[in-house]
1. Looking at the stretch 34-46, can you tell me whether even one residue there is part of a helix (DSSP H, G or I), modelled with pLDDT of 95 or more, more than 25 Å from P143 (Cα to Cα) and in the same structural domain as V152 (by TED's automatic domain parsing)?
2. Among V158, V70, V120, which is the only one that is among the aliphatic types (A, V, I, L, M), in contact with a Leu (Cβ under 6 Å, 6 or more places away or on another chain) and surrounded by fewer than 21 Cβ atoms within 10 Å (Cβ to Cβ)?
3. Has the stretch 76-90 got any residue that is more than 24 Å from L166 (Cα to Cα) and either in a helix (DSSP H, G or I) or free of Cβ contacts under 8 Å to residues at least 60 places away in the same chain (or both)?
4. Which of the following residues is over 17 Å from the mean Cα position of the chain (by Cα), at pLDDT 95 or above, part of a loop (DSSP other than H, G, I, E, B) and outside the structural domain of D202 (by TED's automatic domain parsing): G73, G125?
5. Being charged (D, E, K, R) and surrounded by fewer than 19 Cβ atoms within 10 Å (Cβ to Cβ) is the filter here; which residues of the stretch 34-50 pass it?
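The values are calculated or read from the model by the stated rules, or taken from the named source; none is laboratory data. Since this is a predicted model, take the numbers as computed values, not measurements. Positions of Cβ are backbone-derived with ideal geometry, glycine not excepted, and every protein chain shown enters the neighbour counts.
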Amino acid sequence: MRALLTRSCMGAILVALAVLSTGCATGPNANPKDPLEPMNRSVTRFNDALDDNVVKPAAIGYRDYIPQPVQKGVSNFFRNLADVWSTVNSGLQLKGRPTAESLMRVVVNTTVGIYGVFDVATDIGLERHPEDFGQTLGYWGVPNGPYLVLPVFGPSTVRDTSMLPLELSTDFVSKHDVVAERNVASVTRIVDKRASLLKTTDLLTDAALDKYSFTRDAYLQYRRNQIYDGNPPDDVELPDPSAAPAPKNN
């Protein structure tokens, strides 16, 4: 399973780079943040079909039939694993307090919270600071690059996609030695995450005239807010690449 996801991801990256190298876009009115829109829409249709037929039904069953305390414990467990790398990335971004709080969250929840099943850290006031390697690159000034939709993984950018091999190679679940346990944990994490998004995606489907465009814009804004810790600078209007430069006044 891990190898399949990795191959899919790498395939998407190679296709995206090939398209970029040929200068392919959607025309003079193309969104400058999404020059790969035709390919992205195709991948989105594949992902939607996979979600509608496999992932979403599993998430609905999980939500409806698994006791709520168990669901909460599962979510807490995977968040605790994520907090380990949040600690690392906060440190790489030279964020002193978030680094300390994330580290203390991992220590408290892993010990007192029984491997993270119980979120004791939040109860005692230790705030969660989700950080990933893509955010770290953004913090140090690496631009997003074009919007990119990956098979299975979904919305991303070229910058964030470039970090996927590192994230996969350091993922605690996919590195677990016992194959059966690793597979169960991988599937459970996906289903638990999808179950947490059921209400949001249902509202999106009902409200958005163009689900693809809405998702793209929401994702890019969400990532921007993450990189700037909720305080992004004012947007600067991008120049129209098709427009001729204005003549200089002598």
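1. yes
2. Numbers: V70 fails: in contact with a Leu (Cβ under 6 Å, 6 or more places away or on another chain); V120 fails: in contact with a Leu (Cβ under 6 Å, 6 or more places away or on another chain).
Of V158, V70, V120, the one residue that is among the aliphatic types (A, V, I, L, M), in contact with a Leu (Cβ under 6 Å, 6 or more places away or on another chain) and surrounded by fewer than 21 Cβ atoms within 10 Å (Cβ to Cβ) is V158.
3. At the first step, the residues of the stretch 76-90 found to be more than 24 Å from L166 (Cα to Cα) are none.
No; the residues of the stretch 76-90 include none that is more than 24 Å from L166 (Cα to Cα) and either in a helix (DSSP H, G or I) or free of Cβ contacts under 8 Å to residues at least 60 places away in the same chain (or both).
4. Details: G73 fails: part of a loop (DSSP other than H, G, I, E, B).
Exactly one residue qualifies, and that residue is G125.
5. Step one: list which residues in the stretch 34-50 are charged (D, E, K, R), which gives 34, 37, 41, 45, 48.
Within the stretch 34-50, R41, R45, D48 meet the criteria.
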